[in-house]
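Below is one structure, written out as C-alpha cells, with a few remarks after it.
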Amino acid sequence: MNPIYLDNNATTRVDPSVVEVMLPFFTEQFGNPSSMHSFGNKVGLALKKARQQVQALIGAEHDSEIIFTSCGTESDSTAILSALKVQPERKEIITTAVEHPAILTLCQTLEKDGYTVHYLKVDGKGRLDLDEYAKLLTDKVAIVSVMWANNETGTLFPVEKMAEMANAAGVMFHTDAVQIVGKLPMDLKSSKIDMLSISGHKLHAPKGIGVLYLRRGARFRPLLRGGHQERGRRAGTENSASIVALGAACEQALEHMAYENTEVRALRDRLEKGILAQVPNAFVTGDPDNRLPNTCNIAFEYIEGEGILLLLNKQGIAASSGSACTSGSLEPSHVMRAMGIPYTAAHGTVRFSLSRYNTEEEIDRVIAAVPPIIAQLRKLSPYWGENGPVTDPAQAFAPVYA
Amino acid sequence: MWEYSEKVQEHFFNPRNAGALGDANATGEVGSISCGDALRLMLKVDPETERILDASFQTFGCGSAIASSSALTEMIKGMTLDEALKVSNQDIADYLDGLPPEKMHCSVMGREALEAAIANYRGEVWADDHEEGALICKCFAIDAVMIEDTVRANNLSTVQDVINYTKAGGGCAACHEGIEEILTKVLAERGESFKVTPPPSPVAASGKMSTLERVKRIQQVIEDVRPALQRDRGDIELVDIDGKTIYVSMKGACSGCQMEALTLQGVQQKMMEALGEFVKLVPVRATTPAPGLCNPK
C-alpha cells in the first residue's frame, strides 16, 4: 500500500523537477559566486534568477529585498535581534501566545536578558483581539512579530492590518510567514510589513534554505558578519544549489496557487467532513472560516494523539499531533492551551496538512481509516463507556494527582 | 518518532487485559490529565490468598503508557499482593525491553497504579509523593523537579554538584544550560548568585605531588561519587593504583549496568581534574553476579 503523506506543515517533499534543477550546482556549477572566473559567474547569474523567483512569489518591490538564510528560524532570529540592536532604547516586544518555538523560545530568552515581551492572547477559535494589540503599540516597542498563519491550526492572523497599525505607531513589524508562503497569494510591496520569514522546505524546496524579506530602507543589523554575501547582510558562502532549488520551488508554487486554493482546499474539506460525519465527540480547532487551504486540525476527545498517530502510521498514513507525548514535553500544544481547549481534547488533536501531491483516492482511504482507530483507542480510555463518553467524565475518572 | 522496542509496539497494537473488569475488588487511579497520561488499574483479588486472579486497565495516554499498562497486568496476574508490590517501574520497562528516557514516567505510572490499587483493596489511603517536572537530562531521564529538590535539600551550588548528586548532566552535557538555570533560581532564593564552578583545587603545574597526597586525592574522588551511585543501589571501591592506571570495583546495581561505561568515564574525568594528570580507570569485575540494571529513575 502506498504511504499517504498528510504532514506537509512539518515539511514537504522536494519536487523531482526541483531536484533536477539543483543537481548541476553540486557537480558542474560548483563555483563560488564571488569568484572572478567563469566557474563562479554562472552561479551568480543563477542566484540572481532565484532571487527574482522568490520576489515574484511574495510580491516584493525589489529583488535586493530578498536575503537568503539557512532556515526560517535564522530569519526569525535575525529579524528580531536586528530590531533590538538598531533601537537599543526600546525594550519591549509584541508577539502572540501561539507563535512557533522559533519565535517563542527566542522571546523567552530575551525576557531573561531584561526585555519585556507582550504575548497577545487568542480566543477559543485562535483569533487575536486587535484592541489589546493597539493599546500595546507604544514607542517602547522595538518590534512586533506575529505569525501570518498558525502551523497547527492554519488559522490566519490579519498581519497586513497589524503591520499598518504598527507602522502608524512607528513600530517595526515582522511576520513569520513560513506556513503561508506558496499557499496564499501576497503582495508585500503594497503592505507595511518590514520583515518576513520564509522556510524553503515548507514549499517543496530542500531543508536548510530560508529567506528573510527586508523592506528597502528598514533599518537592519546582520546576525552573521563576515564576507560581503547578500550585500553584507548575511555573511557566509551562498548555499547555491538550495537557493536555485528554492527559486524553482517558488515559481512552481506561483503556478499552482489557484490549484492550492481550489483542489487542495476541496480535498481538505472532503477529509474533514468525511471524518466528522463518522466520529462523534470530535471537532475542528482554530478558525475554520479563516485558515490555510491545506490544513485541518481535529480534536478527538478522550484519547491521546500519539496512539492515533502510531495506528495511522501502521496503515501508512502520516499526520502529526499536539499531544504532550509527541513533543516530549509535559504539556499539550501551547496553541491548543491558548485557545482554552480542555486537556481531554487537546491531547487528542491531530493535524492533517495536505499538499498538491495528495489525491482524492488517498483522502478517501484516510476517511475510512480514522473512525475505527478512534473507536479502538476509546475502548481503552477510562473516559469512554459503551457508546459514548461516560457521564460527567471529570467526576467519573479523577486520578490521584492532577 | 520514538524508538519503541518491538515489545512496546506489540503491547500497544495488541493490548492485553484492556477494558473494565466487572468484578474488580481493587481499583487504582493515577496520572495527570494535564500531562496526558492517566491510568485506571482494576484487580480481582482472592480474599483468602490475596492472590491477583485477574487484572485489567483503562488508559488515557500515549503508546508507551498503553503498553506499560498492558505489560503490568500481564506481569502481576497470579501474584500475591505482596509479590506484586515488589514489581518496580524498572521491571515494567525491562519486561517491555526498555522504554525511551522521555517515556520512563509511563512505567512509573504503572507502578503507582499498582500501589494505589493495593492500598484501595486494603482500605488504606494512597498518597502520591511524585511530582513530575520537565525532563532536563535525557541521558539519565532526570526531571527539573528532581534536580531542584536535590539542589535545595543538599545546598548544591555547581553543575558538578548536581551531576554528583543526581547524575543529571553527567552524560552528553547538553543540558548544562538547563541545570545552570535551576541553580540560578534556587541560589537566588538563598540570596546567593550562581557562579560557574571554579576549577578544582589548583594542582601545581609542575606536577610535584607527594605519593601520599596523590593517593588521598584519588580516595577523595571515589568517596565523593559514592553517594550518587549508592542512591541507585550501586557502589564503587578503590582496588589498586598502578602508576597511571587506577583499578576500581563496581558494586551492586552498577556492576554490569548499561550505564557503567558512562559512569566510569565521569569518574575518570573527575580523577584527572583532581590530579591534574592523565589517568585511566579500569574496572575489576566483581565476583558477585549483577542483580540487575541501574535504575535511571
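Values quoted throughout were computed directly from the atomic coordinates according to the rules given, and no laboratory measurement underlies them. Just so it is clear, the model here is predicted, and its values are computed rather than measured. A quick note on method: Cβ atoms are made from the backbone with ideal geometry, for glycine too, and the neighbour counts reach across all protein chains shown.
Side notes on the structure shown:
- Note on B:A134 and B:R122: the model spin-label points, each 7 Å out from Cα along the C-beta direction, lie 3.8 nm apart.
- Rounded if a/c under 1.5, otherwise prolate or oblate - chain A, Cα gyration tensor axes: oblate
- In a fully extended conformation the segment linking A:A56 and A:V19 would gain 11.3 nm over its present Cα-Cα distance, using 0.36 nm per residue.
- Amide H within-cut-off set for B:I246, under 5 Å, with H built and near neighbours excluded: B:K280, B:L281, B:V282
- When both bridge partners sit in segment B:211-284, DSSP labels roughly 60% of those beta bridges antiparallel.
- Projecting the Cα positions of A:F26, A:A282, B:M79 onto the charge dipole of the protein assembly as shown (unit charges on Cβ atoms of Lys, Arg, Asp and Glu, taken about the Cα centre) puts A:F26 furthest along the positive direction.
- Among residues other than B:V151 with Cβ under 14 Å from its Cβ, the summed charge is -4 (Lys and Arg +1, Asp and Glu -1).
- Gyration tensor verdict on the protein assembly as shown (Cα atoms; rounded if a/c is under 1.5, prolate if a/b is larger than b/c, oblate otherwise): oblate
- Inter-chain shielding of A:382-388 (mean C-beta neighbours from other protein chains, 10 Å cut-off): 3
- Distances between placed amide hydrogens fall under 5 Å for A:I67 paired with A:L212, A:Y213, A:L214, all partners being 5 or more residues away or on another chain.
- Other-chain or far-sequence residues with amide H under 5 Å of A:L223's (modelled H): none
- Around the Cα centre of segment A:1-83, unit charges on the Cβ atoms of Lys, Arg, Asp and Glu (plus for the first two, minus for the last two) sum to a dipole of about 260 debye.
- Formal net charge of residues neighbouring B:A55 (Cβ-Cβ distance under 9 Å; K, R +1; D, E -1): 0
- Computed from label points 7 Å out along Cα-Cβ, the spacing between B:T245 and B:A20 is 6.7 nm.
- Charge dipole (segment B:135-189, unit charges on Cβ, about Cα centre) - positive-most of B:V145, B:C172, B:T184: B:C172
- Computed from the C-beta positions of B:E277 and A:A10, the FRET efficiency with R₀ = 41 Å rounds to 0.25.
- Net charge, A:Y119 excluded, C-beta distance under 13 Å - Lys, Arg +1, Asp, Glu -1: -3
- The distance between label points at A:K112 and A:H228 comes to 3.9 nm (points 7 Å beyond Cα on the Cα→Cβ vector).
- For the pair A:R219 and A:K48, a Förster radius of 22 Å applied to the C-beta separation gives a FRET efficiency near 0.30, rounded to the nearest 0.05.
- A:K379-B:D82 FRET efficiency (beta carbon distance; Förster radius 30 Å; 0.05 resolution): 0.40
- Charge dipole (Cα centre; +1 on Lys/Arg Cβ, -1 on Asp/Glu Cβ; no other charges) of segment B:6-121 amounts to roughly 220 debye.
- Integer Hz, Karplus 6.51/-1.76/1.60 couplings in order for segment A:316-321, x for Gly and Pro: x, 10, 9, 9, 9, 9
- Acute angle (nearest 10 degrees) that the helix A:265-278 long axis makes with the longest principal axis of chain A, alpha-carbon atoms: 20
- Dipole moment magnitude, nearest 20 debye, the protein assembly as shown about Cα centre, only Lys, Arg, Asp, Glu C-beta charged: 2140
- Dipole of segment A:27-114, positive end: most advanced residue of A:S77, A:M36, A:H100 [Cβ charges, Cα centre]: A:M36
- Using C-alpha pairs below 8 Å separated by at least 6 residues, the relative contact order for chain B is 12 percent.
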